[in-house]
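J.: One structure follows; several queries about it will come next.
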Amino acid sequence: MYNELEQALDNVGKYDPKWQLKYLSVKNFVGMYKRFPSRHHVDEHVLLNWLKYNRRQLRDGALDELKKKLFEDLTAYRHSEENILVLGGAGAAEARPENTKRSTCAPEGQ
């Protein structure tokens, strides 16, 4: 399947290199942060706007088959086993790196 997706990405890159570049940027972002870009982070707005635009295109049926396949793979990639981050319950402390603390509203010592 990945061979098929890589071939589809190469084909899209031949006629729409900007779309291919944004797709790879979002996929790298998801791989790094294990989430889609957020509206709450200004530096992520470019990627978020690209995602929202392509979701609308997908919903309206305006994406061609190659882009549709790649975009659906991006959603599946976010939910894949290799990208799952445990956020609660047993084992949550082990999943979080040692130097990362949860933010609190009150300063320490109060």
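J.: Restricting to segment 13-28, count the residues that are more than 15 Å from residue 45 (Cα to Cα) and of a type in the set (Gly, Ala, Ser).
T.: Looking only at that region, the number is 1.
J.: In segment 2-21, how many are farther than 11 Å from residue 66 by Cα and of a type in the set (A, V, I, L, M)?
T.: 1
J.: Filter segment 53-64 down to residues that are out of contact with any Phe, Trp or Tyr (no Cβ under 8 Å at 6 or more places or on another chain), surrounded by 11 or more Cβ atoms within 10 Å (Cβ to Cβ) and of a type outside the set (D, E, K, R), then give me how many there are.
T.: Residues that pass the stated criteria total 3.
J.: Also, I was wondering about something else. Restricting attention to segment 5-52, report how many residues are acidic (Asp, Glu) and either surrounded by 14 or more Cβ atoms within 10 Å (Cβ to Cβ) or touching a residue at least 60 places away in the same chain (Cβ under 8 Å) (or both).
T.: 2
J.: Further, regarding this structure: Quick check on segment 77-86. Is at least one of its residues modelled with pLDDT of 75 or more and either exposed (fewer than 10 other Cβ atoms within 10 Å of the Cβ) or in a helix (DSSP H, G or I) (or both)?
T.: yes
J.: Something else now. If residue 43 meets every condition in (1) assigned to a helix (DSSP H, G or I); (2) modelled with pLDDT of 90 or more; (3) under 26 Å from residue 7 (Cα atoms) apart from one, which number is that one?
T.: (3)
The values are calculated or read from the model by the stated rules, or taken from the named source; none is laboratory data. Because the structure is predicted, anything quoted here is derived from the model rather than measured. Methodologically, a virtual Cβ is constructed for each residue, glycine included, from the backbone with ideal geometry; neighbour enumeration extends over all protein chains shown.
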